[in-house]
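The next block holds one structure in the form of structure tokens; read it before the comments.
The values are calculated or read from the model by the stated rules, or taken from the named source; none is laboratory data. Please read these numbers as outputs of a predicted model, since none were measured by experiment. Here the Cβ positions follow ideal geometry from the backbone for every residue, glycine too, while neighbour counts run over all protein chains shown.
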Amino acid sequence: MTNTPFKDLTHPSRRGFLGMTMLTAAGLGLSGLPGAARAQATGQVIVGISQEPTVFNPHLLHIEVDEGIHWAIFDPLFSVEPDGSFAPRLVTEVPSIENGGISEDGTEWKITLKEGVTWHDGTPLTAEDVKFTLELQKDPDFRAARRTGHELIEEITVVSDTELTWKMSSAFAPYMAILSWTFIVPKHAFDGVDPNEAPFNQSPIGTGPYKWDSRAPGDNIQLVAYPDYHGDGASIERIVVKYVPDLTVLYTQFKTGDIDVIALQGISPDHYAEASTLEGKTVQLVPVGTVETLSLNLGNPVLADKAVREALYLGVDKTTILEALYYGLPTPTETYMPQQSFYYNPDLPGHVYDPEAGKALLDEAGWVPGGDGIREKDGQRLSFICSTTAGNHVREQMQQFLQQSWKEMGIEMEISNLPPAVMWADHWMQSQFDMAVAGIIFLTGPDPDTTNYMSTDSINAQGGAGQNTFQVSIPELDELLKKGATTVSPEARKPIYAEIQSMIREELPFLPLFQRNEVRGHLEGLQGYEPNINVRITFWNMQDWSWA
């Protein structure tokens, strides 16, 4: 077994305000020439995941499991690497101030596309496709997953088939990282149709190393290598993404060899010790940016009461949960920020397990026990429903433990878990839950901006565009997010994000539990499988996978 460390997101340069280290020369080499001779792809890899991908247009609202398919089928202009640098995908070089791709004030951009890149249907990629993709994010009628940053673009000019320029109303520090997650889609696939309902959304066409082959809903998705890929082509002919919702079954199939790679959600902690001894398998303990949360919907009048949220947190026996259910593998946290980030705030109040203090807080707030022991206030019971992915037995055990702990405080929590495709669709995106056990990667690459998860404009349930499913709306927080995103110097940004973390810890729109250390595994003969903290799923470099 190998233990892969979390890459240190170290102190960035002052000139690197648009990202971490993307303005250096590292990682800017071309990844291959279109049409270059390469060995024919052979064989297949079966990847096991616990959740079913269902959203194949990368710009519609989606969760991280969908991005596994996106990374295989599509390309961004440039990708973010494990060390936080950026590398070309569709461009000849990553734009920077030094090479003239970005103006000194950060408002004017220029890119040059590789020549000879084609979509999977054979149509050439042009700058018009990039223009269409960027403008799609701004379309108020499109159900965009993210408008943050894109809405600042004021003017896009197609100079030629391979050259594009645009102007922004103001510099936006996170935009480099956002672009590294913005997959380019073909304009011609949306001609004359509503982009929300386009056939493309179920049969995607990309420029990536793999193209869409088939889908068996509830079972698997199959992708095949694209022989005319513009970069270093895939060595594996076929990828089968197999959906196994029960984590114990998922692990068993990995152990027996029915799957080659165990990805999302990985090997559950209770199987880690055994997995580490499996012959012919490589098992890695990989710290990731995912923070496990008890996410709260502040649109629920019970959970909108800050005293309730504080009492709930006082009633969480985090130490027992981490040791007994997660075998001590995760790292406890008080924030959404990865602890290895330059912007991590280490000075937040430490969690205290004190149910008696929680009961006193509820008493003071007017929540008094009713005849059955459950507290009431103004005729309303202190009761809510907690949901998560059905089949995740560790989360389910934690729910049962919390249910009993809170009941002793006069708090009623019902449990209603759902299949992943239901749980993370409108139930999550449109804030239809009360409480959800959810692992969330709040950052886009190495950038600390969390506008997409915390600004008032990002509440989908209220007509916004983003993933503020907590429905947190604090004017002071909105202003801090804007200030952080438009501040140039990393040193100047750091105290802003420290204050944001402090505010979130104070308001508790979610109860932070721990930062994940995921247990991932693959057959020893699979080469090129590399963790990347700066993306949300392990498929980011699938074109580099090969069998020894």
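Assorted remarks:
- Cβ separations smaller than 6 Å between residues 6+ apart or across chains give the following pairs from the range 386-398 residues that are within 17 Å of Arg516 (Cα to Cα) to residues that are hydroxyl-bearing (Ser, Thr, Tyr): Val394/Ser268; Arg395/Thr388.
- Positions within the range 266-286 being farther than 12 Å from Val394 by Cα and either hydroxyl-bearing (Ser, Thr, Tyr) or outside any strand (DSSP E or B) (or both), in sequence order: Tyr272, Ala273, Glu274, Ala275, Ser276, Thr277, Leu278, Glu279, Gly280, Thr282
- Count of the range 67-99 residues which are in a helix (DSSP H, G or I), in contact with a Lys or Arg (Cβ under 7 Å, 6 or more places away or on another chain) and not β-branched (Val, Ile, Thr): 1
- Where strands (runs of 3 or more DSSP E) fall wholly inside the range 203-248, no range has 1 or more residues that are at pLDDT 95 or above and in contact with a Cys (Cβ under 9 Å, 6 or more places away or on another chain).
- Of the residues contained in the range 319-328, one or more are found to be within 24 Å of the chain's Cα centre (by Cα), part of a loop (DSSP other than H, G, I, E, B) and surrounded by 20 or more Cβ atoms within 10 Å (Cβ to Cβ).
- For the range 61-95, the set of residues classified as at pLDDT below 95, outside the structural domain of Asp141 (by TED's automatic domain parsing) and among the hydrophobic types (A, V, I, L, M, F, W, C) consists of Leu61, Ile63, Val65, listed by residue number.
- Applying the condition of being in contact (Cβ under 8 Å) with a residue 40 or more places away in the chain and either part of a strand (DSSP E or B) or among the β-branched types (Val, Ile, Thr) (or both) to the range 139-158 and asking which residue is surrounded by the fewest Cβ atoms within 10 Å (Cβ to Cβ) yields Ala144.
- Cβ pairs under 7 Å, 6+ apart, first in the range 470-490 and over 12 Å from Met454 (Cβ atoms), second in a helix (DSSP H, G or I) and not basic (Lys, Arg): Lys483/Ile496; Thr487/Ile496
- Among (1) under 30 Å from Gly43 (Cα atoms); (2) buried (at least 22 other Cβ atoms within 10 Å of the Cβ) - the single one Gln515 does not satisfy: (1)
- Count of the range 446-456 residues which are more than 29 Å from Gly391 (Cα to Cα) and in contact (Cβ under 8 Å) with a residue 60 or more places away in the chain: 7
- Within the range 424-436, the set of residues being more than 13 Å from Asn468 (Cα to Cα), surrounded by fewer than 23 Cβ atoms within 10 Å (Cβ to Cβ) and among the hydrophobic types (A, V, I, L, M, F, W, C) comprises Ala425 only.
- Against the test of being in contact (Cβ under 8 Å) with a residue 60 or more places away in the chain, of a type in the set (A, V, I, L, M), in contact with an Asp or Glu (Cβ under 9 Å, 6 or more places away or on another chain) and on the phi < 0 side of the Ramachandran plot, the options Leu136, Leu90, Leu113, Leu77 yield a single qualifying residue, Leu90.
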